[in-house]
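Undergrad: This is the structure I have questions about; it appears just below.
The values are calculated or read from the model by the stated rules, or taken from the named source; none is laboratory data. Computed from a predicted structure; not experimentally measured. Here the Cβ positions follow ideal geometry from the backbone for every residue, glycine too, while neighbour counts run over all protein chains shown.
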Amino acid sequence: MYFLRFAYYKLFYFLIPVFLLVFLYRLKFYKTPVYSFSLGDFFKKKFLVKKSKHKKIFFFLRSLSLLGLIFLIARPQWIDSRSKVNIEGVDMILAIDVSGSMQVFDDVNDRRSRIKVAKDEAIRFIEKRENDPIGIVIFAKDAISCCPLTLDKNILKEIVGKLELGYINPDGTSIGTGLATAVNRLRKSKAKSKIIVLLTDGEPTPEKIEPHVAIELAKEFGIKIYTIGIGNEKGGFIKDTFFGIRRVGFKIDVTFLKKIADQTGGKFFRANNPAQLRRIYEIIDSLEKTEYQTDIFHRYYEAFLNFIWIILLIFGLEIFLRFYFWRGIHG
């Protein structure tokens, strides 16, 4: 079953009143000029003068053409309401560590920093989840929500792309506060599946909200947490002004990250390099698909040609009547 909608329907609020005012003025108040011709009597005798009732018909035909043009401006579209689409039914928050250690890189052949790799792979993941609302939370010493759940993937990609270290105080890794902030974004969700993908390269530091509190909150609201420990087990590399590239070590609390995942029904992953992180996101993408079919108004077909043909037919009818059927001088 098809329904007609107008993409720019708000234009009707202005155009329709203007059209009605002009229509009523032309119909009720406008006076047609009257001209006197010396040969008027001659034309009447020869039946070359037509009665004015034909003018009303021409007026209504032109009014219909004008109304059709207004509909075209509002961009008419047909909606296929019978189409079924697969809905993932997953609401998710990407919780990303932006602490100072995320400036380190883990592969001498790929010297993108951990934060750069995390951003690139998060964007790739977002692009794949077309039907899923996604939100963004970042954490370091503190935690903030950068974006609530949204289906606008362009906004999400723009926000993730602009993330930089130092956006919030980088001196700390408040995993518990970050998790609690992410849980808060999901607590009112009615989706079949709710998940948090938490990415970090460190271990928790003293913070306002203890991690165990955040874990209990996630369990209470039925939220599954996938944890990703990013960083080579042997340590990463950093560029040094005097010594060039040197190796540094930041400890990842693997036991703690596994505990978070296990207690909430998620999984823990270790990403030693950018390639592994990409693979991890692909695994999470394949695991979190709770598809179901639903009727949805999602297929739009432009109705422009339909209205064009109608307008042309009305205009053609007026031309035919004026020049072939009711030829002559109108009185």
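Undergrad: Is at least one residue of region 205-217 surrounded by 18 or more Cβ atoms within 10 Å (Cβ to Cβ) and under 24 Å from the mean Cα position of the chain (by Cα)?
TA: No; the residues of region 205-217 include none that is surrounded by 18 or more Cβ atoms within 10 Å (Cβ to Cβ) and under 24 Å from the mean Cα position of the chain (by Cα).
Undergrad: Let me ask you something else. Just checking, how many residues over region 234-278 are more than 37 Å from the chain's Cα centre (by Cα) and of a type in the set (Phe, Trp, Tyr)?
TA: 4
Undergrad: Do you know which residues across region 260-271 are in contact (Cβ under 8 Å) with a residue 12 or more places away in the chain and either more than 10 Å from residue 224 (Cβ to Cβ) or of a type in the set (S, T, N, Q) (or both)?
TA: 260, 263, 264, 268, 269, 270, 271
Undergrad: Sticking with this one: Assuming residue 166 fulfils every condition listed in (1) surrounded by fewer than 20 Cβ atoms within 10 Å (Cβ to Cβ); (2) closer than 21 Å to residue 194 by Cα apart from one, which condition is it?
TA: For residue 166, the failing item is (2).
Undergrad: While we're looking at this one, here's another question. Sort through 120, 110, 106 and tell me the only one that's touching a Pro at 6+ places or on another chain (Cβ under 6 Å), within 22 Å of residue 276 (Cβ to Cβ) and in the same structural domain as residue 280 (by TED's automatic domain parsing).
TA: None of the other options fit; the residue is 110.
Residue-wise test of (1) farther than 23 Å from residue 102 by Cα; (2) of a type in the set (A, V, I, L, M); (3) in contact (Cβ under 8 Å) with a residue 12 or more places away in the chain.
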{"position": "146", "(1), (2), (3)": "no, no, yes"}
{"position": "181", "(1), (2), (3)": "no, no, yes"}
{"position": "184", "(1), (2), (3)": "yes, no, yes"}
{"position": "192", "(1), (2), (3)": "yes, no, yes"}
{"position": "208", "(1), (2), (3)": "no, no, yes"}
{"position": "213", "(1), (2), (3)": "yes, yes, yes"}
{"position": "220", "(1), (2), (3)": "yes, no, no"}
{"position": "225", "(1), (2), (3)": "no, yes, yes"}
{"position": "228", "(1), (2), (3)": "no, yes, yes"}
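Undergrad: Among the listed residues 310, 284, 329, identify the single one that is surrounded by fewer than 17 Cβ atoms within 10 Å (Cβ to Cβ), in contact with a Phe, Trp or Tyr (Cβ under 7 Å, 6 or more places away or on another chain) and either closer than 30 Å to residue 238 by Cβ or at pLDDT below 95 (or both).
TA: 329
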